[in-house]
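Heads up: the structure comes next, in structure tokens.
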Ligand SMILES: Nc1nc2c(ncn2[C@@H]2O[C@H](COP(=O)(O)OP(=O)(O)OP(=O)(O)O)[C@@H](O)[C@H]2O)c(=O)[nH]1
Ligand SMILES: [Mg+2]
């Protein structure tokens, strides 16, 4: 083997080294979308907050899909942004916090190299944040902690860190410490440079970056007195009782660097952005389904982690979001879809920024590319050129809510079918056909009921086919096989159990409750009934 690396290899390694691909995660309302916009604002990728999700009455990039988000004030789907910062290419994915949309968030976590975990200063560690943290740990995604909303009254900094240590089993290591309690934020001090205080002046409504001034320690004592001294004391206390920052320990998930600030008023956001460049790992080798790993400098490979249609009314089309895992992506290249072995061209490739997009000609490991109208692609697909690559499958969650969908206006059955299959492909819900109801009345299966709200809204506004949903009393789904299907079809016609077929041909037996499941299992002990991944994990 030659010691000389080819020019392409050097270029790929260099470009990959400049990439930071990360997600923002947390319980609903901790401020992920606000932080996402503040980060983009700091990198000068947008000129006023509100451009991504169009929140708070500010002018945003409008679309049907975001209309629902605006109405509710919550994110119902993840959004990818790319921008430059300090010579690095930042690929940032904002995720929805609500548990009902957690399948989307879990898929994003399969596509990033680092996560920023948001903690609301007043609420502390909330349930969904803990679950998402557990997923990061399981997947080996290192976590940076940002304690948000320090501009409002909240808990004590030391107590919050204590909770992280106790409940998450990871050592929080402060990189930044707040000067002033939550609700009385005077400024920030950096662990590496306790000789100065960073003071911020709020700009109304956070439409622009907060103005920052630097005080020397003497000035800080003079102007902030005890508040400054307390901050130094607390910081010293935490640092002296812990291991200190260590890059290897961070990447191994043993420690989490901690930042404080307020996303809404852009305080502490720049320090966080710099930390992503300095601390978050660049794309590395990716584990393959059958063992081994794909090195970043290998030929092209990518993972489809999300499908979204109709993001922009001006472009009524379907985008498959691909995270480039290795090699160079060039628009127009032929790639192979691992699941089918078929090849497809990538003529229409875009970089997306919220709902906006621009044509992309070349992309490198870590980048997120949107492939337009690649109808064959499904969430979880691996694409590659050259030597075959197949990444491990993405988790599919166990649905716990089921409803039969019917068009309100049967003359619009074509729009109805189109809408249902589109929402199925995106994974907005799983679509099942039950042996009793047939394919005229598909059964929508969801992890949480809010997914149904998205279905109702999108069917009406995007597909012009308003629907009714009749909720069914099933709560449990089990994967079965042909033998199980035969038995279930023979079962008495009660509402206790039913056989369904998912669009990927997986057979799912649905049961009203664990008693019906147990009774069926006792009667037919040899029948295959395997659980799916539960969200409670
Ligand atoms: N006071 C204060 N409010 C904040 C801050 N950051 C966010 N908020 C507010 O918190 C609310 C929720 O913010 P979002 O950014 O929508 O939260 P999210 O985490 O994206 O929520 P989901 O996407 O629904 O999970 C909004 O009203 C924000 O204005 C902050 O630093 N200080
Ligand atoms: Mg959000």
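The table that follows gives values for the structure above.
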| item | result |
| --- | --- |
| Ascending count of other beta-carbon atoms within 10 Å, so fewest first, for 264, 41 | 264, 41 |
| Between segment 431-481 and segment 101-121, the Cα center-to-center distance that results, in Å | 26 Å |
| Contour minus Cα-Cα distance for residue 247 and residue 6 (0.36 nm per residue) | 83.8 nm |
| Nitroxide proxy distance, nm - points 7 Å out along Cα→Cβ at residue 130 and residue 345 | 5.3 nm |
| Highest-first arrangement of 470-477, 430-437, where packing means the average Cβ count within 10 Å | 430-437, 470-477 |
| Approximate shape of the chain as ellipsoid semi-axes (Cα gyration tensor, √5λ), whole Å, largest first | 42, 27, 24 |
| Over segment 286-384, relative contact order from alpha-carbon pairs under 8 Å, at least 6 apart, % | 34 percent |
| In degrees, nearest ten, helix 514-523 long axis to first principal axis of the chain (Cα) | 50 degrees |
| Euclidean distance of C-alpha centroids, segment 355-404 and segment 1-33, integer Å | 17 Å |
| Helix-only CD estimate at 222 nm, as mean residue ellipticity for the chain, using -39500 (n - 2.57) per DSSP H run (n ≥ 4) | -8000 deg cm²/dmol |
| Rounded tilt (10° steps) of 32-42 against the dominant C-alpha axis of the chain | 50 degrees |
| Global geometry of segment 398-464, whether rounded, prolate or oblate, following the gyration tensor of its Cα atoms and the 1.5 cut on a/c | oblate |
| Exposure proxy order (Cβ contacts within 10 Å, fewest to most) of 25, 467, 267 | 467, 267, 25 |
| Share of pairwise Cα separations in segment 401-531, more than 22 Å, in percent | 35 percent |
| Cα shape, segment 227-292, gyration tensor, a/c 1.5 rule | oblate |
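Throughout, read-outs are computed from the coordinates displayed, never taken from laboratory work. Everything quoted here is computed from the prediction, not taken from an experiment. Glycine also receives a Cβ, built like all others from the backbone with ideal geometry; neighbour counts cover every protein chain displayed.
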